[in-house]
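I have placed the structure first, in the form of structure tokens, so that the comments after it can refer back to it.
No lab work stands behind these numbers, since they all come straight from the coordinates. It should be emphasised that the depicted structure is a prediction, and the values quoted were computed from it without experimental measurement. Glycine also receives a Cβ, built like all others from the backbone with ideal geometry; neighbour counts cover every protein chain displayed.
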Amino acid sequence: MQDLSNITTLDLVIVALYLLGMLGIGVYFVRRIQNAGDYYVAGRSLGPLVLAGTVCATIIGGAGLGYDYGSLAVVTALPYLIGMFVFSGISGRIQEVGVKYNITSIPELFEKRFSKTAKCLIALLIGYTMMGTVASQITAVAVIVKMIGGKIGITYEMGACLATFIFIFYTAASGLFGVVYTDVVQFFMLIIFVYILLPLSGIRYLGGFGNFWSNVP
């Protein structure tokens, strides 16, 4: 049972602004959608910094597993890490082929190179993987919404429904633009709040770095 005694109105406002911000990004990029290429591959306009931000946001999102499960989290993440290195090595070639043949997805690429059967198989594998990814994101938002909004009667189910609506809305409205740029915003939020402000406030709470260091076993 979470301790809700320290939850304030400010916490509710921050979460509400965050969720509205995700919706706002989706609405903002609607006007960038002029054709199917804009919707599915963001007009092939995403630079390396934007791509790095969206990938890092996805990876950092699971960093808490390391605290909860120790080395098990490392073993779980290792195949993902290897896959990202392999994909990074061939991504330039994929981009060239995609532009040449107007291919907008990995399943289409496999159909072009192999067969329609390969396309269907890859599409099923991607769909299966994304089920777990999206489910974990919805669960995370639902837990946070319930924890903060529990005082005013917001349930876990309500949080899950809210998260599902927001994810579907900005994805359906703005395509890959919305998906990528919401990730980028979340990446900078993670860096600022989790990796900068949280450690600094923790050290301050412990009475300064000197006091912290003197009490380390």
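Below are the figures for this structure:
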quantity	calculated
Answer label for Rg and Dmax of the Cα atoms in Å (calculated), chosen among (1) 21.9, 69; (2) 20.5, 64; (3) 24.3, 77	(2)
Principal axes of the range 121-199: Cα extent on each, largest first, Å	45, 32, 23
Separation in nanometres of the label points that stand 7 Å from Cα toward Cβ, at residue 139 and residue 18	1.8 nm
Fully extended contour minus Cα-Cα distance, from residue 152 to residue 105, at 0.36 nm per residue	12.6 nm
Inter-part distance where the range 164-185 and the range 10-57 are each reduced to a Cα centre, Å	5 Å
Efficiency of FRET between residue 194 and residue 31 - r from beta-carbon atoms, R0 35 angstrom, step 0.05	0.65
Contact order relative to length of the chain, as percent, for alpha carbon pairs under 8 angstrom and 6 or more apart	37 percent
DSSP H segments from the chain that extend 18 Å or more along their own axis, Cα-based, with Kyte-Doolittle mean of 0.0 or above	9-29, 71-101, 116-149, 156-189
Highest-fluctuation residue, 200, 17, 81 considered, GNM on the chain with Cα pairs under 10 Å	200
Residue with peak Gaussian network fluctuation, the chain [Cα springs, cutoff 10 Å], from 57, 160, 36	36
Point-to-point label distance, residue 51-residue 114, nm (Cα→Cβ direction, 7 Å offset)	2.2 nm
The range 76-103-the range 124-162 distance, computed between alpha-carbon centres (Å)	29 Å
